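Notes for the one structure printed next.
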Amino acid sequence: MKTVLVNIVTPDGPVYDSEVSMVIAKTTSGEIGVLAGHIPMVAPLAIGAVKLKKADGSTDIVAVSGGFIEVRPEKISILAPSAEVAVNIDVQRAKEAVKRAEGRLQGKQDNIDFKRADLALKRALNRINVHEGNI
């Protein structure tokens, strides 16, 4: 089975670098699946999981908080504001972030940025779901 090199990079540095047979990612327009040799394209990513299927049948999962996917026939690059491999996610920290975001959303304060709090909630829930395999 053909493979393609996948790099996932954040402003803090590389998060993932491996040969895979298929990438499944959630874009702002819907979910896409990309195989080696795919035509070049760029798409914005939604907050979600990136599934990386390897030639040996295993699957790695990375939580991303948006960004872009750039596909070239020989390489796929994902640039994200933040990304974490499922096994490295600190679930307790994510659960605390959920509580903080829900508290802000339920509060009646005028100085709360509800869009920012909603995005924080979505990112934290994504991290929990990816870690627990609920994707």
(message) Taking all protein chains in place and a 1.4 Å probe, what share, in percent, of the accessible surface of segment 2-84 do carbon and sulfur account for?
(response) 56 percent
(request) Keeping all protein chains in place, calculate the accessible area per residue for segment 2-84 (probe 1.4 angstrom), answer in Å². (result) 48 Å²
(message) I'd like the FRET efficiency for GLU70 and GLN106, computed as 1/(1 + (r/R0)^6) with the beta carbon distance as r and R0 of 30 Å, rounded to 0.05.
(response) 0.20
(message) If I model a spin label at ALA55 and GLU132 as a point 7 Å from the Cα along the Cα→Cβ vector, what separation in nanometres do I get?
(response) 3.6 nm
(request) Could you tell me how many degrees, from 0 to 90 and to the nearest 10, lie between the Cα long axis of helix 114-132 and the main elongation axis, the longest principal axis, of the Cα atoms of the chain? (result) 50 degrees
(message) Ignoring ligands, DNA and RNA, please state the percent of accessible area on segment 89-130 from carbon and sulfur, probe 1.4 Å.
(response) 46 percent
(request) Would you please give the residues with an amide H less than 5 Å from that of ILE47, counting only those at least 5 places away or on a separate chain, with H modeled from the backbone geometry? (result) GLY66
(request) Would you mind checking the tilt of helix 91-106 against the longest principal axis of the Cα atoms of the chain, expressed as 0 to 90 degrees and rounded to 10? (result) 50 degrees
(request) Give, rounded to the nearest 20 debye, the magnitude of the charge dipole that the chain has about its Cα centre when Lys and Arg contribute +1 at Cβ and Asp and Glu contribute -1 at Cβ. (result) 340 debye
(message) Starting from the Kirkwood Rh over alpha-carbon pairs, what translational D in µm² s⁻¹ does segment 89-130 have by Stokes-Einstein at 20 °C and 1.002 mPa s?
(response) 208 µm²/s
(message) Percent of Cα-Cα pairs more than 21 Å apart in the chain, please.
(response) 42 percent
(message) Helix-only estimate, please: 222 nm mean residue ellipticity of the chain, summing -39500 (n - 2.57) across DSSP H runs of length 4 or more and dividing by its residues, to the nearest 500.
(response) -8500 deg cm²/dmol
(message) I need to check one value: relative contact order of segment 1-119, counting alpha carbon pairs closer than 8 Å and at least 6 residues apart, in percent.
(response) 23 percent
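The values are calculated or read from the model by the stated rules, or taken from the named source; none is laboratory data. What you see is a predicted model; the values in this text were computed from it and never measured. Neighbour counts are summed over all protein chains in view; Cβ atoms, including those assigned to glycine, are modelled from backbone coordinates with ideal geometry. Just the protein is used for accessible areas: all its heavy atoms, side chains included, with ligands, DNA and RNA removed. Shrake-Rupley method; radii C 1.70, N 1.55, O 1.52, S 1.80 Å.
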